[in-house]
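One structure is given below, encoded as structure tokens.
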Amino acid sequence: IAPSKYLNEMQLLSMAIHRNQPERIVSLLDDYFQKITGMISVSMNHIIFCCYALLVFLEQKFEEDNISFYAYFDRSICSFEALFQYRSIREIHEKLETAFIEAAAAYAADIEMKQQPIAIRAMNYIQSNYDKKLTLESMSQLYYISKMHFERLFKAETGKTFGSYLTNYRMEKARHLV
């Protein structure tokens, strides 16, 4: 099977996406396309097959890490059906390059956010959702920890209980509305 020849390039691309290295993504994707198009009389179907193999490989790598591939990669660009809608090799290359760079940036932003302390993430969540029903239970479920552990972390990081922070934030917002 032809794509197995490109396994090294696929692995390097996967690492560059996971590490949010846009310049490396561009370079590696250029190399990949140069290799898959470098044969004499290469068909568009061969290019589509090799690109689809790359997408399947990347999806498997994300799934190995329990990460949903399509949470970061747009199905309308990164699917078998989408590859057939493109009119040229250049168009496929450009679409995948853009999709890979955007996915890498989104993945990096998610990782960075998840590395923030729970209280910081919780305060950001409260500020965006203060008008909804927020409870200690719903907040602890959001971060997959017990209510008691959430409350302890929140108080240790903010100096306030979840309930007092939420009440104070809502009162402050109400003051600005009046």
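The values are calculated or read from the model by the stated rules, or taken from the named source; none is laboratory data. As the structure is a computational prediction, the values presented were derived from the model and not from experiment. In this analysis, Cβ positions are derived from the backbone assuming ideal geometry, glycine residues included, and neighbour counts consider all displayed protein chains. These accessible areas exclude ligands, DNA and RNA; they are computed on the full protein's heavy atoms, side chains included. Shrake-Rupley method; radii C 1.70, N 1.55, O 1.52, S 1.80 Å.
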Worksheet item: Could you list, in sequence order, the residues of region 54-81 that are open to solvent by less than 80 Å² (accessible area, probe 1.4 Å), out of contact with any Lys or Arg (no Cβ under 7 Å at 6 or more places or on another chain) and farther than 18 Å from H18 by Cα?
Response: S76, S79
Worksheet item: Is region 32-40 home to any residue that is at pLDDT 95 or above, surrounded by 13 or more Cβ atoms within 10 Å (Cβ to Cβ) and of a type in the set (D, E, K, R)?
Response: no
Worksheet item: Assuming Q127 fulfils every condition listed in (1) surrounded by fewer than 13 Cβ atoms within 10 Å (Cβ to Cβ); (2) over 29 Å from R19 (Cβ atoms); (3) free of Cβ contacts under 8 Å to residues at least 24 places away in the same chain apart from one, which condition is it?
Response: (3)
Response to the item:
Of the candidates M10, M113, the one satisfying the condition of being closer than 30 Å to Y143 by Cβ and in a helix (DSSP H, G or I) is M113
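Please find, within region 13-25, the residue that is nearest to T98 (Cα to Cα) out of those that are part of a helix (DSSP H, G or I) and open to solvent by 40 Å² or more (accessible area, probe 1.4 Å). Steps first, please.
Restricting attention to region 13-25, the residues satisfying the condition of being part of a helix (DSSP H, G or I) are 13-18, 22-25.
Next, only the ones that are open to solvent by 40 Å² or more (accessible area, probe 1.4 Å) stay: 15, 18, 22-24.
On the way: M15: 16, H18: 15, P22: 10, E23: 12, R24: 13 Å.
Filtering region 13-25 for residues that are part of a helix (DSSP H, G or I) and open to solvent by 40 Å² or more (accessible area, probe 1.4 Å), the one nearest to T98 (Cα to Cα) comes out as P22.
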Worksheet item: Out of L55, L83, which single residue is hydrophobic (A, V, I, L, M, F, W, C) and under 27 Å from K114 (Cα atoms)?
Response: L55
Worksheet entry | Check on E97, open to solvent by 80 Å² or more (accessible area, probe 1.4 Å) and either assigned to a helix (DSSP H, G or I) or among the acidic types (D, E) (or both) | no
Practice prompt. Among the numbered conditions (1) closer than 27 Å to F73 by Cα; (2) of a type outside the set (A, V, I, L, M); (3) open to solvent by 80 Å² or more (accessible area, probe 1.4 Å), tell me where Y107 comes up short.
Written response: (3)
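Filter region 57-77 for residues that are closer than 16 Å to K95 by Cα and without any contact (Cβ under 8 Å) to a residue 24 or more places away in the chain and give the result.
Step one: of region 57-77, the residues closer than 16 Å to K95 by Cα are 58, 70, 72-77.
Y70, R75, S76, I77, listed by residue number.
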